[in-house]
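Each remark here refers to the structure printed beneath this line.
The values are calculated or read from the model by the stated rules, or taken from the named source; none is laboratory data. Values in this document were obtained by computation on a predicted structure and should not be read as measured data. Neighbour counts run over all protein chains shown; Cβ positions are idealised from the backbone, glycine included.
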Amino acid sequence: ENMNRKEFFLTGSWMSYSAPFPGREWALTAHYFATGELKFDPAFIYKKFPLSKVDEAFALYRNPAQVHGKIMLINQ
């Protein structure tokens, strides 16, 4: 209903690629980031956690209104 009758913003990803792995899509994305033609908004990341604190990261989702963006898990 919301999709048909209201305006909204959708942010996400499609985990798909063409052969051979990782595919032309990933190569183009890396190229555009490297040249500055594609910019990343740092506000998109709400918080960063090392994998050792994964429980703490997921605990934030107990109150969904608390999270304003993506939570990034970092392999440290």
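Numbers below:
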| read-out | value |
| --- | --- |
| Within region 11-30, considering residues that are farther than 19 Å from G69 by Cα, of a type in the set (S, T, Y) and not in a helix (DSSP H, G or I), the one modelled with the highest pLDDT | S18 |
| Pairs where the first residue, in region 28-46, is within 30 Å of Y61 (Cα to Cα) and the second is aliphatic (A, V, I, L, M) and surrounded by 10 or more Cβ atoms within 10 Å (Cβ to Cβ), C-beta under 6 Å, 6+ apart | I45/M72; Y46/V67; Y46/I71 |
| Looking only at region 31-53, and only at residues there that are among the aromatic types (F, W, Y) and not in a loop (DSSP other than H, G, I, E, B), the one that is nearest to the chain's Cα centre (by Cα) | F44 |
| Flag for E56 being over 15 Å from the mean Cα position of the chain (by Cα), acidic (D, E) and not in a helix (DSSP H, G or I) | no |
| Which listed residue, of F33, F44, F40, F8, is modelled with pLDDT under 70 and within 26 Å of I71 (Cβ to Cβ) | F8 |
| First in region 62-73 and closer than 11 Å to F44 by Cα and among the basic types (K, R), second anywhere and modelled with pLDDT of 90 or more and surrounded by 10 or more Cβ atoms within 10 Å (Cβ to Cβ), Cβ under 8 Å, 6 or more apart | K70/I45; K70/Y46 |
